[in-house]
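K.L.:
Dropping the structure in here first, questions after.
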Amino acid sequence: MPATILIGAQWGDEGKGRVADWLAADSDVVARYAGGDNAGHTVAVGDKVYKLHLIPSGILHSRVTCVLGNGMVVNPIHLMREICDLQAQGVPVTPQNLQISSRAHLITPGHIALDAASEAKRGAGKIGTTLRGIGPAYMDKTGRSGIRAGQMVDPEEFAEALQAHLEATNDKLHRDGFAPIVLEAAIAESVEAAAFLRPFIRDTSLTINEWLHTGARVLCEGAQGTFLDVDHGDYPFVTSSSPTAGGALTGLGMGPLSVDRVVGVAKAYSTRVGSGPMPTELDGELADRLRGTGKNFWDEFGTTTRRPRRCGWLDLVTLRYAAMVNGFTELVVTKLDILSGFETLQIATAYHIRGEVVETVPATATALESAKPIYEALPGWSEDLSRIRRWDDLPGAVRGYIDRVSALVGVPIRTISVGPEREQLVHRP
Ligand code: IMP
C-alpha cells in the first residue's frame, strides 16, 4: 500500500496535528521525517488536550506504530519527558508502538546553548528560532560531526562522544563570550535519557520498507511548513531541515514510488512566528481578530514558544508555489470558523514587486519583503460554522471561498476544519 505525505503549505502551524490525527485513523504507521521539538502539535480528544513536540499524534490511535525518522533531530532529554508525560496521561508508549531511527541525529544541551548564542549575535537580524538547538544540530549533521541516536545503544561510546562534543561546544561559547555548559550535569541527564530510549532505537528504514512491502498504510507526517524549508522557504528565515515532500523520502529512507498521496494543509488565513517576510501580514484590529486572545489553545500563539503569531490574509501566491514544489494531490483548509464575522475577505493573488506584477514567489527574502499583495475581495459570512458537519450545510460564501482558493491553487479541496475538536472536520461528499 503506498504512503501518504502530509505537509504544511505555509509557515508552519497550519493545523497539521489535527489532520494527521484524522489520517492516522486509516494508517498503520505514522512517521515523522524532519525537524525536532521545534514543532508543536495540539490535538483535542474529548476533554483531553495533548501537546506533542516530537512524537507523531498517531500515538493517540491504539493500532498505530509511530516512527521518528532519520531526517529528524531528536533531543533525548525532551523525548524522554514527552514519553513520560503521555504515559502519565494514560497513553501507552512502548517500543512496540514507537521506534526511533538509529540514524536520527541528537540535539544536545550544547546545541541549545549555541542556538541562543547565534541568535544573540545576530541581534536585530535574528531568525527568531524556537531556541531548541535545531540549526546547530543540523549544522553538526551536515558538518559530519554530529551524534546519531544509534550511538546511544553503547553507553560508553555515547558518553565519550557527548563529552568531546560538549568540550568543543564550550570552546566555541568561550570564544564568543557566552557562559559554558556544566559538563557533568549535562552528561548525566543525557546518559539517563539514552538508557531510557535505548529499547526504542531501530533501523527504521528497514522497518518502514518492510511495512510498505506487506501492505501497511504509512503516513509521513511533516512538521513546520513549506516556507520554512531550507531550500524552498524564505532563506535565511527558515528552519534547517526539509519539511517538503522530498524531505519525506530522504528523511525516512524510502523511494518515490512508495508515495501516491500528498496532502497539503493550509490555514484559511496566514500566520507566521519568528522573523522573515510575510506579504499579507496585517496589524491592528484585523490581526487581533484573527489571533484571538490567547485564552484558548487554538488561538494564534505558538505551541512551543507561546509567542504571538503574526497574522494576515490568505496568500495564494505562496500556496500555489507550495502546491508546485510538493506536488499536492489535495489541500485541506483549516480554521474556516475563525473567519466568521468578516464582511469581506481578501486573498492575495499576485504581488507588486519593484513596479512589476509578479505571480510567483521570489527567491530572495529581500524581494519578498518588498512585495505588495494584489488582493481579490470575496464575500465573508457571519454564521458560526463550528457545529456544521455536512458540506451542503456550509453557507454559500464559505463554499465560494473554498472553491475560489481551490481554483487558484489548482488543487482539489475536499476537507475543511471548523474547530479544534476531532469531529470538527467537514468532508465534501
Ligand atoms: P528553528 O527551527 O527553531 O531553527 O526556527 C527557525 C524558524 O522556523 C523560526 O522562524 C521559527 O519560528 C520557525 N519554526 C520552527 N518550527 C516551527 C513550527 O513548528 N511552527 C511554526 N514555526 C516554526
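The values are calculated or read from the model by the stated rules, or taken from the named source; none is laboratory data. Since this is a predicted model, take the numbers as computed values, not measurements. Cβ atoms come from the backbone with ideal geometry, glycine included; neighbour counts cover every protein chain shown. Surface accessibility is based on the protein's heavy atoms, side chains included, excluding ligands, DNA and RNA. Shrake-Rupley method; radii C 1.70, N 1.55, O 1.52, S 1.80 Å.
K.L.:
Short version: ³J(HN,Hα) in whole Hz for each residue of the range 179-184, in order, from phi by Karplus 6.51 cos²θ - 1.76 cosθ + 1.60 (θ = phi - 60°), x for Gly and Pro, what are they?
P.N.:
For the range 179-184, the Karplus-derived couplings read 5, x, 7, 7, 4, 4 Hz, x marking Gly and Pro.
K.L.:
In addition: Determine the share of the range 48-204's accessible area contributed by carbon and sulfur atoms, expressed in whole percent, with a 1.4 angstrom probe.
P.N.:
Result for the range 48-204: 55 percent of the exposed heavy-atom area is carbon or sulfur.
K.L.:
Can you compute the radius of gyration and Dmax for the range 105-197, using only the Cα atoms, both in Å?
P.N.:
Radius of gyration, then largest Cα-Cα span, for the range 105-197: 13.3, 43 Å.
K.L.:
Another question, if that's okay. Give the peptides 306-316, 344-354 in descending order of average Cβ contacts within 10 Å, highest first.
P.N.:
Final packing ranking: 306-316, 344-354.
K.L.:
May I pose another question? Give the accessible surface of the range 26-118 per residue, rounded to a whole number of Å², with probe radius 1.4 Å and ligands, DNA and RNA excluded.
P.N.:
29 Å²
K.L.:
Quick query: amide H of GLY12 versus all other amide H atoms, modeled in the peptide plane; which residues come in under 5 Å with a sequence gap of 5 or more or a different chain?
P.N.:
GLY225, THR226, PHE227
K.L.:
Another question, then. Output the peptides 247-255, 163-171 sorted from most to least packed, where packing is the average of other Cβ atoms within 10 Å over each peptide's residues. List each step's numbers first, then the result.
P.N.:
On the way: 247-255: 21.6, 163-171: 16.1.
Result, highest mean Cβ count within 10 Å first: 247-255, 163-171.
K.L.:
Direction-averaged shadow area of the convex hull around the Cα atoms of the chain, nm²?
P.N.:
20.3 nm²
K.L.:
For a quick check: with amide H placed at 1.01 Å from N, whose amide H comes under 5 Å from GLY302's, ignoring anything fewer than 5 positions away on the same chain?
P.N.:
Amide H neighbours of GLY302, under 5 Å, 5+ apart: ARG307, ARG309.
K.L.:
Per-residue counts of other Cβ atoms within 10 Å, averaged by peptide: what ranking do you get for 364-374, 264-274, highest first?
P.N.:
Descending packing order for the listed peptides: 264-274, 364-374.
K.L.:
Now, a different point. Give a residue-ordered list of calculated ³J(HN,Hα) values for the range 270-282 (Karplus: 6.51 cos²θ - 1.76 cosθ + 1.60, θ = phi - 60°; whole Hz; x for Gly, Pro).
P.N.:
Values, residue by residue: 10, 9, 8, 10, x, 7, x, x, 8, x, 9, 4, 10 Hz.
K.L.:
Taking N as the number of residues in the range 1-121, what is its Cα Rg relative to 2.2 N^0.38 Å?
P.N.:
Normalised by 2.2 N^0.38 Å, the Cα Rg of the range 1-121 equals 1.08.
K.L.:
Given the options CYS220, ALA323, VAL191, identify the residue whose Cα lies farthest towards the positive end of the charge dipole of the chain (+1 on Cβ of Lys, Arg; -1 on Cβ of Asp, Glu).
P.N.:
ALA323
K.L.:
Sticking with this one: Using a 1.4 Å probe on the protein heavy atoms, what percent of the accessible area of the range 208-322 belongs to carbon and sulfur?
P.N.:
Roughly 53 percent, rounded to a whole number.
K.L.:
Return the sequence-ordered ³J(HN,Hα) values of the range 422-428 in whole Hz as given by the Karplus equation 6.51 cos²θ - 1.76 cosθ + 1.60 applied to θ = phi - 60°, using x for Gly and Pro.
P.N.:
In residue order, the calculated couplings are 3, 8, 8, 10, 10, 10, 6 Hz.
K.L.:
Ranked by accessible surface with a 1.4 Å probe, highest first, in what order do SER145, SER118 come?
P.N.:
Heavy-atom accessible area, descending, gives SER145, SER118.
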